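Down below is the structure, laid out as structure tokens.
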Amino acid sequence: MKATFGAPTIDTEVNFWPAMIDMLTSLLMFFLLIYFVQHNVNPASLAAEIARGKQQRFTDVFNREFAGEIEHKEIRLTADVNLLQVTFGEEILFPLGRYTLQARGETMLRRLAGVVHEVDNSSRSPLYDQIQIEGHTDSTNLQHSTYPHDNWELSSARSLEVLRFLSRRASPPLNEHAMSANGYADTRPLGDDHARNRRIEIRIYFSGRETRP
């Protein structure tokens with residue numbers, strides 16, 4: 001007697017859960033990636049990172065160029081977010097009570113312009129957006145019958161003299177359209193030391209742009 005066999009059966013139930021879990025995991029990773037990009041690689045943070053890189057390169061070259069003056073505390077370099085402030089003591093740039101640069105002052109500014117150009121030439125985009133020059137005096141009452149008549153005029157004249165030298169007499173000159181000059185007389189002292197208060201501050205605001213226009 002022949003044995004009979006039933007027809008084979010096929011399990012038609014499909015388990016969709018592994019595929020669904022994979023898809024949901026992929027979507028979660030996608031949204032996490034979008035969140036990370038928006039909060040960590042946004043244009044503002046990228047620009048800040050570019051500016052900080054330029055600031056660091058400038059600091060390295062500046063410290064090498066002015067190592068002696070920094071050691072003798074004739075020049076100070078301080079950092080704040082996207083800017084560096086170069087502070088020259090009065091005696092290194094100007095004779096006491098005068099606003100015409102002395103020979104050593106011209107040499108210092110030529111060297112500063114050289115540092116700016118060295119770092120700028122090595123960058124894919126402009127080094128700086130703006131350079132602000134500020135003149136400061138001590139509180140000694142200055143009254144002259146000729147210009148400059150007082151500390152306001154003296155501090156302003158000195159900042160303008162530095163701007164004109166950097167933008168016209170340095171080789172090559174800096175871009176005067178990105179520069180400004182201000183005089184503050186004795187209204188922003190650093191302390192009671194008159195010699196320390198007589199100073200020129202040059203603030204360099206570094207660019208966050210990636211390419212040159």
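Values in this text are rule-based calculations from the coordinates and carry no lab data. Quick caveat, the model's predicted, so the values are computed rather than measured. A quick note on method: Cβ atoms are made from the backbone with ideal geometry, for glycine too, and the neighbour counts reach across all protein chains shown.
What's the long-distance tail for region 48-125, i.e. % of Cα pairs beyond 18 Å?
Working: 1341 of 3003 pairs.
Roughly 45 percent, once rounded to a whole number.
Sort out for me the Cα centre separation of region 148-213 from region 132-146, rounded to whole Å.
Comparing the Cα centres of region 148-213 and region 132-146, I get a distance of 14 Å.
To the nearest 20 debye, what charge dipole does the chain have about its Cα centre, counting +1 at the Cβ of each Lys and Arg and -1 at the Cβ of each Asp and Glu? Before the final figure, lay out each step's value.
Details: 23 positive and 27 negative charges, 110 e Å.
Taking the Cα centre of the chain as origin, the dipole is about 520 debye.
Among Leu93, Leu190, Leu27, which one shows the biggest mean-square fluctuation in a GNM of the chain, springs joining Cα atoms closer than 10 Å?
Sorting by GNM fluctuation, first place goes to Leu27.
Pick out, from Gly89, Ala113, Gly68, the residue whose Cα sits farthest towards the positive end of the charge dipole of the chain, with +1 on the Cβ of Lys and Arg and -1 on the Cβ of Asp and Glu.
Working it through, the farthest residue towards the positive pole turns out to be Ala113.
Using only Cα atoms, find the angle between the long axis of helix 151-164 and the longest principal axis of the chain, and express it within 0 to 90 degrees, rounded to the nearest 10.
Computed tilt is about 60 degrees.
To the nearest 10 degrees, how steeply does helix 17-40 sit against the main Cα axis of the chain, on a 0 to 90 scale?
0
Where does region 119-188 land on the Kirkwood hydrodynamic radius, alpha-carbon pairs, in angstrom? Spell out each step's value before the answer.
Details: mean 1/r = 0.0743 Å⁻¹.
Taking the inverse mean of 1/r over all distinct Cα pairs, region 119-188 comes out at 13.5 Å.
If one takes the longest principal axis of the Cα atoms in the chain, at what angle in degrees, from 0 to 90 and to the nearest 10, does the Cα axis of helix 103-121 lie?
Value to nearest ten degrees: 20.
Mean separation of Cα pairs under 8 Å and 6+ residues apart, divided by the residue count of the chain: what relative contact order is that in percent?
Values: 302 pairs, mean separation 55.5, N = 213.
Relative contact order for the chain comes out at 26 percent.
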